[in-house]
Amino acid sequence: MQLNYTTHISPPLSHIPHPPTQLYIQGTYTPTPYGVAVVGTRNPLISSEQEAFLFSYICAQQGITIISGLAYGIDAAAHTGALAAKKPTWAVCAHGLNRIYPKTHTPLAHAILEGGGALISEYTPHTPPLPKQFLQRNRIISGLASAVVIIEAPRRSGTLNTARHALEQGRDVYVFSPLQEHKERFQGSADLIADGAIPIRSAQDFLSLHTFYPLT
C-alpha cells in the first residue's frame with residue numbers, strides 16, 4: 001500500500017488548536033463537512049456495539065463519512081457499520097501506518113481501504129503506538145468531523161478527551177442517553193450531558209437535530 005504524504009493541512013485542520021504539521025494518508029481522503037466522529041469505550045456492552053454499528057450504518061447510507069480510531073469496541077463497530085453500508089470510513093491512527101494497532105484489526109484496516117476509505121496519521125510510518133499518542137490523535141478525530149457522537153463512555157475514558165477537543169474546536173457533541181441499569185458504565189456519558197452535550201437515542205434523532213456546516 002502506497003503512502004501519500006501531505007505537506008500542507010487543508011481546512012479544517014489548519015484551523016484547529018495545535019494542528020498536526022503533516023498527515024500520512026493511505027487510501028482516499030477528501031475533506032468534507034459531512035463527517036461524523038463515532039467514539040466510545042474499548043470495552044462496551046454488546047448493546048452499545050450494536051448501537052454504534054446501526055448508527056454508523058444509517059448515517060453512512062445518508063452520505064455521511066464515519067470517522068473513528070480503529071480501536072477495539074465502539075470504534076471497530078462504527079467502522080464496520082459504515083462498511084456494511086458500502087460507504088467510506090476514515091480511521092485516525094495513533095501510530096505509523098506501517099504498524100497497524102491492534103494487529104487483530106489489520107483485516108479491518110484493509111477493508112477500510114478496499115471500501116474507498118482512508119487510514120490517517122500524523123506519525124511517520126514506523127512510529128509505534130505509544131500511550132500518549134492515543135490522546136493526541138483524538139484532536140484529529142474531532143477536527144475532521146462536523147460533530148462527535150459518543151455511544152458509551154465511563155467516567156475514566158479517552159472518549160471524554162475527544163469530547164473536550166470537539167468543544168474546543170467548536171464541534172457539536174451528541175451523547176447516546178445512558179442506560180440506567182448500567183449507570184456506572186455510562187457515568188462519563190451522563191457527565192457530558194449534564195455539562196450541555198446533546199442527548200440522543202438513535203441515528204434518526206441525530207439526523208433530525210444536526211445541521212452540517214462548512215468546517216473551520
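The values are calculated or read from the model by the stated rules, or taken from the named source; none is laboratory data. Computed from a predicted model, the values in this text were never measured in an experiment. Cβ coordinates were reconstructed from backbone atoms using ideal geometry, including for glycine residues, and neighbour counts include every protein chain displayed.
Summary of computed values
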{"read-out": "Which listed residue, of ALA71, ALA76, is aliphatic (A, V, I, L, M) and under 13 Å from ALA111 (Cβ atoms)", "value": "ALA76"}
{"read-out": "Contacts under 8 angstrom Cβ, first residue in region 105-120 being on the phi > 0 side of the Ramachandran plot, partner not charged (D, E, K, R), 6 or more apart", "value": "GLY116/GLY27; GLY116/THR28; GLY116/PRO88"}
{"read-out": "Those residues of region 34-61 which are closer than 17 Å to VAL173 by Cβ, out of contact with any Lys or Arg (no Cβ under 9 Å at 6 or more places or on another chain) and among the aliphatic types (A, V, I, L, M), in sequence order", "value": "VAL36, VAL38, VAL39, ALA52"}
{"read-out": "Qualifying residue in region 27-44 (condition: surrounded by fewer than 24 Cβ atoms within 10 Å (Cβ to Cβ) and among the hydrophobic types (A, V, I, L, M, F, W, C))", "value": "no"}
{"read-out": "Meets criteria (charged (D, E, K, R), within 24 Å of GLU184 (Cβ to Cβ) and surrounded by 15 or more Cβ atoms within 10 Å (Cβ to Cβ)) for GLU51", "value": "yes"}
{"read-out": "Restricting region 121-137 to residues that are of a type outside the set (A, V, I, L, M), within 23 Å of ALA163 (Cβ to Cβ) and free of Cβ contacts under 8 Å to residues at least 40 places away in the same chain, the residue that is surrounded by the most Cβ atoms within 10 Å (Cβ to Cβ)", "value": "GLN133"}
{"read-out": "Some residue of region 104-117 being buried (at least 23 other Cβ atoms within 10 Å of the Cβ) and in contact with a Phe, Trp or Tyr (Cβ under 6 Å, 6 or more places away or on another chain)", "value": "yes"}
{"read-out": "Within region 141-216, helices (runs of 4 or more DSSP H) holding 3 or more residues that are crowded, with 18+ Cβ neighbours inside 10 Å", "value": "158-168, 187-194"}
{"read-out": "Number of positions in region 155-179 that are modelled with pLDDT under 95 and in contact with a Phe, Trp or Tyr (Cβ under 7 Å, 6 or more places away or on another chain)", "value": "3"}
{"read-out": "Candidates ALA82, ALA76, filtered to the one that is at pLDDT 95 or above, surrounded by 21 or more Cβ atoms within 10 Å (Cβ to Cβ), within 21 Å of HIS182 (Cβ to Cβ) and among the small types (Gly, Ala, Ser)", "value": "ALA76"}
